[in-house]
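Quick note: the coordinates plus some simple rules give every number you see, no bench work behind them. Being a predicted model, the structure only gives us computed values, none of them experimental. Backbone-built Cβ (ideal geometry, glycine too); neighbour counts: all protein chains shown.
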Amino acid sequence: MCFVEDSPCRNSPRTLHYNQSCETFRRERGTNVHIRRLGAVSSGDDLVGIVTFIRHEHQKLRHKSMLVGMYMTPSSRGQGIGKKLVLEGIRRAQDEWKVEQILLSVVSTNDAALRLYESVGFQTFGVERRALKVGETYLDELHMAVYFNS
């Protein structure tokens, strides 16, 4: 298992969707956002997981990052790969961005994700009731953070 970082500077067909999603994200959230997407690649060169972190460039927000997306292929779940991927993303955010905290939001019923995030040190600091609406069903989101010594 190895980790690869996808860069919006690449212009291959493989990164076309990534580049489009980064541009959409920047348009919606502002251009002063750094995006770091890290993938887990199997020994067979298959992408089995991906995690995305962002950090705003604004002086008052530079001390923190957000984990904004996480996906693991069904066949790779439950093997500890997701945990390694998140830990590598956290390490890089600390080393390269010098962040003091990382925030995330997760649907309260996503037990596997909650276990993963808690296992790497995230703690819940708030609940957003009825944050999402799927059909006629409302879902709550938990806001979580992990803090580092500054």
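Looking only at residues in the stretch 97-117 that are free of Cβ contacts under 8 Å to residues at least 40 places away in the same chain and within 19 Å of I35 (Cβ to Cβ), which one is surrounded by the most Cβ atoms within 10 Å (Cβ to Cβ)?
Taking the candidates together, the pick is S105.
So, in the stretch 94-124, how many residues would count as being within 14 Å of N149 (Cα to Cα), in a strand (DSSP E or B) and not β-branched (V, I, T)?
Count: 1.
Of all residues in the stretch 91-109, count the ones that are under 17 Å from H143 (Cα atoms) and touching a Leu at 6+ places or on another chain (Cβ under 9 Å).
Matching residues across the stretch 91-109 total 8.
Looking at the stretch 132-150, which of its residues are closer than 15 Å to M66 by Cβ and in contact with a strand residue (DSSP E or B) (Cβ under 6 Å, 6 or more places away or on another chain)?
E141, L142, H143, M144, A145, V146, Y147
Counting only residues that are buried (at least 17 other Cβ atoms within 10 Å of the Cβ), under 12 Å from the mean Cα position of the chain (by Cα) and basic (K, R), give me the strands (runs of 3 or more DSSP E) lying completely in the stretch 30-93 with at least 1 of them.
Here the list reads 33-41, 47-56.
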